[in-house]
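Engineer: Have a look at this one.
The values are calculated or read from the model by the stated rules, or taken from the named source; none is laboratory data. Nothing here was measured: the structure is a model prediction, and the numbers come from that model. Note that each Cβ is placed from the backbone with ideal geometry, even for glycine, and that neighbours are counted across all protein chains shown. Quick note on the areas: whole protein, heavy atoms, side chains included, nothing else; ligands and nucleic acids left out. Shrake-Rupley method; radii C 1.70, N 1.55, O 1.52, S 1.80 Å.
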Amino acid sequence: MTDGRAMEDLVVGVLGGTGPQGRGLAVRLAAAGQRVLLGSRDAERAEEVAGEVATRADAAAGGVGVSVRGGSNADVAGAADLVIVAVPYAGHADTLAELATPLAGKVVVDCVVPMGWDELGAYVLDVAEGSVCQQAAALLPDSSVVGAFHHLSAVTLEDLSQPTLEGDVMVVGDVREATDLVQALAGRLPGMRGVYAGRLRNARQVEALTINLVSVNRRYKAHAGVRITDV
């Protein structure tokens with residue numbers, strides 16, 4: 001899966017890395033010293049955003065020199081050791097269906113939320129497979145799919161004036177080695193922990209909880225996260 005290499009030695013790819021969540025995860029991981037590949041349907045746009053992310057992450061890290069490069073989603077899927085999926089839900093299935101071959105044998109971390117909006121606010125969209133993570137697993141039979149990073153505010157991730165994040169990352173998956181790896185990745189973010197939260201069949205509840213947090217944030221003008229107690 002990763003040949004026993006330490007987390008800090010792995011290259012992390014972010015599909016949909018030009019969007020708010022993907023960009024936020026990329027800049028935080030890069031500032032923590034992780035090598036990052038930022039992917040998009042538009043390779044030129046990915047390269048442009050990667051340069052911006054590198055500049056901001058390097059400043060936050062004290063000018064040590066960070067590694068962030070951009071490219072197409074397909075190139076990033078093939079080159080990265082571990083891949084985070086942060087594409088819009090509307091394009092989730094089509095994106096992953098095209099990337100099954102380059103993602104084979106890799107840990108794929110899905111943080112996509114099936115969220116809709118109407119006059120009453122945010123609500124959860126039904127997913128035929130049960131959850132977005134289960135949809136990813138069905139489309140990527142040769143990958144180890146893990147659900148994580150759903151509850152991190154994109155605004156907070158991108159605000160590097162806050163050097164430490166507050167909260168936990170709920171991690172779901174069926175392969176222990178893969179969930180352990182993603183918990184370790186979450187732990188690279190200052191102030192964060194990765195907490196195992198069950199099998200992939202439990203991803204639906206984790207994804208849906210994001211909608212509650214969105215509702216909290218709208219009411220209280222906040223950027224709420226999740227903290228697990230007694231663990």
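Engineer: Sort 184-193, 141-150 by packing, meaning the average of other beta carbons within 10 Å per residue, with the highest value first.
Structural biologist: Highest-to-lowest ranking by the protection proxy: 141-150, 184-193.
Engineer: List the relative contact order of the chain as a percent without decimals, with contacts defined as Cα pairs under 8 Å and 6+ residues apart.
Structural biologist: Across the chain, relative contact order equals 18 percent.
Engineer: Ordered by residue, what ³J(HN,Hα) values in Hz, to whole numbers, does the range 91-101 give under the Karplus form 6.51 cos²θ - 1.76 cosθ + 1.60, where θ = phi - 60° and Gly and Pro are x?
Structural biologist: Going residue by residue, I get x, 4, 4, 5, 4, 6, 4, 7, 10, 4, 5 Hz, with x marking Gly and Pro.
Engineer: Net charge around Pro141, counting only other residues with Cβ within less than 13 Å of its Cβ (Lys, Arg = +1; Asp, Glu = -1)?
Structural biologist: For residues surrounding Pro141, the net value is -2.
Engineer: Considering amide H positions built from the backbone, and no H for Pro or chain starts, which residues 5 or more places from Ile228, or on another chain, come under 5 Å of its amide H?
Structural biologist: Asp168
Engineer: Hey, another quick one. With a 1.4 Å probe and every protein chain kept in, tell me what percent of the accessible surface of the range 1-72 is carbon plus sulfur.
Structural biologist: That fraction is 43 percent.
Engineer: Mean residue ellipticity at 222 nm from the helices of the chain, using -39,500 (n - 2.57) per DSSP H segment of n ≥ 4 over the full residue count, to the nearest 500 deg cm²/dmol?
Structural biologist: Calculated mean residue ellipticity at 222 nm is -11500 deg cm²/dmol.
Engineer: Work out from phi, with θ = phi - 60° and the Karplus expression 6.51 cos²θ - 1.76 cosθ + 1.60, the ³J(HN,Hα) of each residue of the range 113-128, listed in order in whole Hz, and give x for Gly and Pro.
Structural biologist: Computed from phi, the couplings for the range 113-128 are 10, x, 10, x, 10, 9, 5, 8, x, 7, 8, 8, 8, 6, 10, 4 Hz.
Engineer: So, in Å, what gap is there between the alpha-carbon centers of the range 1-41 and the range 103-150?
Structural biologist: Measuring centre to centre over Cα atoms gives 18 Å.
Engineer: Same structure again: Using a ≥ b ≥ c from the Cα gyration tensor of the chain (square roots of the eigenvalues), is it rounded, prolate or oblate, where a/c under 1.5 gives rounded and otherwise the larger of a/b and b/c decides, a/b for prolate?
Structural biologist: Verdict is rounded for the chain.
Engineer: Taking a 1.4 Å probe, which of Asp126, Asp75 shows the most accessible area, and what order do the others take after it?
Structural biologist: From most accessible down to least: Asp126, Asp75.
Engineer: Considering only DSSP beta bridges whose two residues both sit in the range 8-220, what percent are antiparallel, to the nearest 5?
Structural biologist: In the range 8-220, DSSP labels about 20 percent of beta bridges as antiparallel.
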